[in-house]
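Novice: Sharing a structure with you now.
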C-alpha cells in the first residue's frame, strides 16, 4: 500500500461523517485570511459556514520488525498524520457542542475504518484535541487529530 492510498483512506473515512464539510487530502494555504477562509466555506443545513478539514503528513519513520518466532522478516514504515478541522464559532448555536460531537464522529470513523488493508500491520487509535483560534475577525474551533498507520515495505 502506498502513502497515497493510506491518505485516500483517511479522506474517505472523513467524508463518511455527516455534515463534515469540505475535506482536502493535503495541507491548504492562502496568505490572506479571507482567501484561507474561503477554502473552508460550505453550506451546512442551509447556512454558509466555515467547516473544512485537511490532512497533513507529520512524519515517516522506518523500522525493522520481527515475527514472534524471533526471525527478522522485513521493514515497516510508520506514517504519522495530522487531520485538522476548522469550524466557525457560533455561540448562539452552541458550536462548541457541535464541534465536540463532530470530533467524536471523526474519531469513530478513523477508529472503525477497515479501509486500511493489504500491507498495513498496525493502526494506532487516533488522538484529538479542540482549541479556538481567530482567523482575522472569525473565531473558529480547531480540531486536531493525530494518527499513526504502519505498513510493511
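The values are calculated or read from the model by the stated rules, or taken from the named source; none is laboratory data. The structure displayed is predicted, hence computed values, not measured ones. FYI the Cβ positions are ideal-geometry reconstructions off the backbone, even for glycines, and counts take in every protein chain you see.
Novice: At pLDDT below 95 and either under 13 Å from residue 150 (Cβ atoms) or assigned to a helix (DSSP H, G or I) (or both): is that true of residue 114 in this structure?
Specialist: The answer is no for residue 114.
Novice: Could you tell me which of the residues 143, 97 is modelled with pLDDT of 95 or more, out of contact with any helix residue (DSSP H, G or I) (no Cβ under 9 Å at 6 or more places or on another chain) and within 17 Å of residue 44 (Cβ to Cβ)?
Specialist: One residue alone meets the criteria, 97.
Table: residues versus (1) at pLDDT 90 or above; (2) over 16 Å from residue 129 (Cβ atoms); (3) surrounded by fewer than 16 Cβ atoms within 10 Å (Cβ to Cβ).
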{"site": "22", "(1), (2), (3)": "yes, yes, no"}
{"site": "37", "(1), (2), (3)": "no, yes, no"}
{"site": "45", "(1), (2), (3)": "yes, yes, yes"}
{"site": "59", "(1), (2), (3)": "yes, yes, yes"}
{"site": "72", "(1), (2), (3)": "no, yes, yes"}
{"site": "86", "(1), (2), (3)": "yes, no, no"}
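Novice: Another one. Of all residues in region 24-46, which are out of contact with any helix residue (DSSP H, G or I) (no Cβ under 9 Å at 6 or more places or on another chain) and part of a strand (DSSP E or B)?
Specialist: If the condition is that a residue be out of contact with any helix residue (DSSP H, G or I) (no Cβ under 9 Å at 6 or more places or on another chain) and part of a strand (DSSP E or B), then 41, 42, 43, 44 are the ones that fit.
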